[in-house]
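Data block below; observations after.
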Amino acid sequence: MAILDSKGRLFGKLNILDFGAALVILLVIFGIFFFPGGSGSVAQIGTNTKPVEVDLVVRGLNVRDPQELLRKGLIPGGKTNIIIRNQPHGAITIKSVQQIPRTLMVPQPNGSVKELPDTRSNSFSTDMLLTLAGNAQITDNGPVIGPSKLKIGVPVELDGFSYNFYATVIDVRIKDK
């Protein structure tokens, strides 16, 4: 009796492809249970935690009444959930919220450009500057909040009871305790 016949079966009974697939499945199961990966982020090893302040800018947030949003959800001293690069961090403190007045660039007859207030009253768009305060792990590459590095230009999602919108980091300040 041959070890491998013309149909690719071992000892005439077991297909070699089925045998290979079963072997791969057993090796994967063995690897999961006997050699599990490390838990947690590598960025958390050997770091110290310091308070940080993060400035965020929100451009063109479509909302019916921005003052209502500031009264109900984005209250200085309150909390908001922060999501950085699709990785939830949890709640972080809102230090301040400032509504930025909308302006338009208006060309002047002499060829210069002047920035003037936007007088349109039917615009449902608002700009805001938010300052958030929390603790971050300080690494060689900068502050890390949750599982993500926090740098200028990183898009951040803010999520609360009555809102969910994106903002962009424009400043990160590491505070001394």
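The values are calculated or read from the model by the stated rules, or taken from the named source; none is laboratory data. In this text, all values refer to a predicted model and were calculated from it rather than measured experimentally. Neighbour counts are summed over all protein chains in view; Cβ atoms, including those assigned to glycine, are modelled from backbone coordinates with ideal geometry.
Scanning region 146-164 turns up no residue that is more than 11 Å from residue 56 (Cβ to Cβ), out of contact with any Pro (no Cβ under 6 Å at 6 or more places or on another chain), among the acidic types (Asp, Glu) and free of Cβ contacts under 8 Å to residues at least 60 places away in the same chain. Flag: residue 162 does not match the condition of being within 10 Å of the chain's Cα centre (by Cα) and not charged (D, E, K, R).
The set of residues in region 99-115 that are of a type outside the set (Gly, Ala, Ser) and either part of a loop (DSSP other than H, G, I, E, B) or at pLDDT 90 or above (or both) comprises 101, 102, 105, 106, 107, 108, 109, 110, 113, 114, 115.
Given the criteria surrounded by fewer than 14 Cβ atoms within 10 Å (Cβ to Cβ), farther than 21 Å from residue 50 by Cβ and among the basic types (Lys, Arg), does residue 114 qualify? Spell out the reasoning first.
Working: surrounded by fewer than 14 Cβ atoms within 10 Å (Cβ to Cβ): yes; farther than 21 Å from residue 50 by Cβ: yes; among the basic types (Lys, Arg): yes.
Yes: the conditions hold for residue 114.
Taking the criterion of being polar (S, T, N, Q), assigned to a loop (DSSP other than H, G, I, E, B) and within 30 Å of residue 48 (Cα to Cα), would at least one residue in region 135-142 satisfy it? Yes, that holds for at least one residue.
If we scan region 82-95, do we find a residue that is farther than 28 Å from residue 148 by Cα and exposed (fewer than 13 other Cβ atoms within 10 Å of the Cβ)? Break it down into steps so the answer makes sense when it comes.
Step one: of region 82-95, the residues farther than 28 Å from residue 148 by Cα are none.
Within region 82-95 (the criterion being farther than 28 Å from residue 148 by Cα and exposed (fewer than 13 other Cβ atoms within 10 Å of the Cβ)), the answer is no, since none of the residues qualifies.
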